[in-house]
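Everything below concerns the one structure shown next.
The values are calculated or read from the model by the stated rules, or taken from the named source; none is laboratory data. Owing to the predicted nature of the structure, the values given are computational and were not obtained by experimental measurement. Quick reminder, even Gly has a Cβ in these numbers, built from the backbone with ideal geometry, and neighbours come from all protein chains shown.
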Amino acid sequence: MKRLPIGILGSGKGSNARAILEGIRSGKLAADARLVVSDVLDAPILDIAREFGVPNAFLPPGRFRTRLEPEAEDQLVKMLRGAGVELVALAGFMRVLHEPMLNAFPRRVINIHPSLLPKFPGLEAWKQALAAGEKVTGCTVHYVDEKIDHGRIVAQREATILPNDTPESLHSRIQILEHELYPAVIAELCERYREANL
Ligand code: GRF
């Protein structure tokens, strides 16, 4: 079976990466996890990659805080291309990607964000939704462009905000939805890849 070669980028705990890798292991996802990359040396996402036997690497990000040093982004492109990656899934990657990556993988980089975009881009989106008094929030998978949490929306899941929700309780409900939505979207892209239609 033709499997979509994917790369996963993350900076943190990697629960979405785990959901994707479990989807592959259980046969629900016709993907081949080629590489997991983190800009954080001791990020748990790299341990998860090791646990699943997926090649993984730390990418020194350089001197900026919210983006990769241009040389580092070029290096990332080389690593992903070298691994034969055709779809890049951002899973809690805390740096904004720029031309080297977006030109190398046009319409081939997706992200998951914990709000119903276009509402509440940026950090701690679930807290933003609570503070705004929303009744419903959720999560979004979207294509990545040069703006933060911005490109074309692929799919969303809604979470009702309960009267007694705390930021923590709301975030954990949204994460449960993320762990269903992200693998489901990637499964759909795998299907399109198999039909040579990605
Ligand atoms: C997720 O909530 C995702 O929406 C956001 O970053 C978080 C990553 O969580 N982009 P994890 O590292 O996958 O647990």
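Comparison of Phe120, Phe93 shows that the only residue that is surrounded by 22 or more Cβ atoms within 10 Å (Cβ to Cβ), out of contact with any strand residue (DSSP E or B) (no Cβ under 7 Å at 6 or more places or on another chain) and assigned to a loop (DSSP other than H, G, I, E, B) is Phe120. From the set of residues in segment 34-53 that are crowded, with 23+ Cβ neighbours inside 10 Å and touching a Leu at 6+ places or on another chain (Cβ under 6 Å), which is nearest to Leu76 (Cα to Cα)? Taking the candidates together, the pick is Val37. Considering Ala125, Ala159, the condition of being surrounded by 12 or more Cβ atoms within 10 Å (Cβ to Cβ), in contact with a helix residue (DSSP H, G or I) (Cβ under 8 Å, 6 or more places away or on another chain), of a type in the set (Gly, Ala, Ser) and modelled with pLDDT of 95 or more is satisfied by Ala159 alone.
Here segment 1-33 is the region considered, the condition is being part of a loop (DSSP other than H, G, I, E, B) and more than 9 Å from the ligand (Cβ to nearest atom), and the residue that is surrounded by the most Cβ atoms within 10 Å (Cβ to Cβ) is Leu29.
Report yes if some residue within segment 133-144 is modelled with pLDDT of 95 or more, over 29 Å from Val77 (Cβ atoms), of a type in the set (Gly, Ala, Ser) and more than 16 Å from the ligand (Cβ to nearest atom); otherwise report no.
Yes, segment 133-144 contains at least one residue that is modelled with pLDDT of 95 or more, over 29 Å from Val77 (Cβ atoms), of a type in the set (Gly, Ala, Ser) and more than 16 Å from the ligand (Cβ to nearest atom).
Comparison of Ala159, Ala131, Ala184 shows that the only residue that is free of Cβ contacts under 8 Å to residues at least 24 places away in the same chain and under 27 Å from Glu22 (Cβ atoms) is Ala159.
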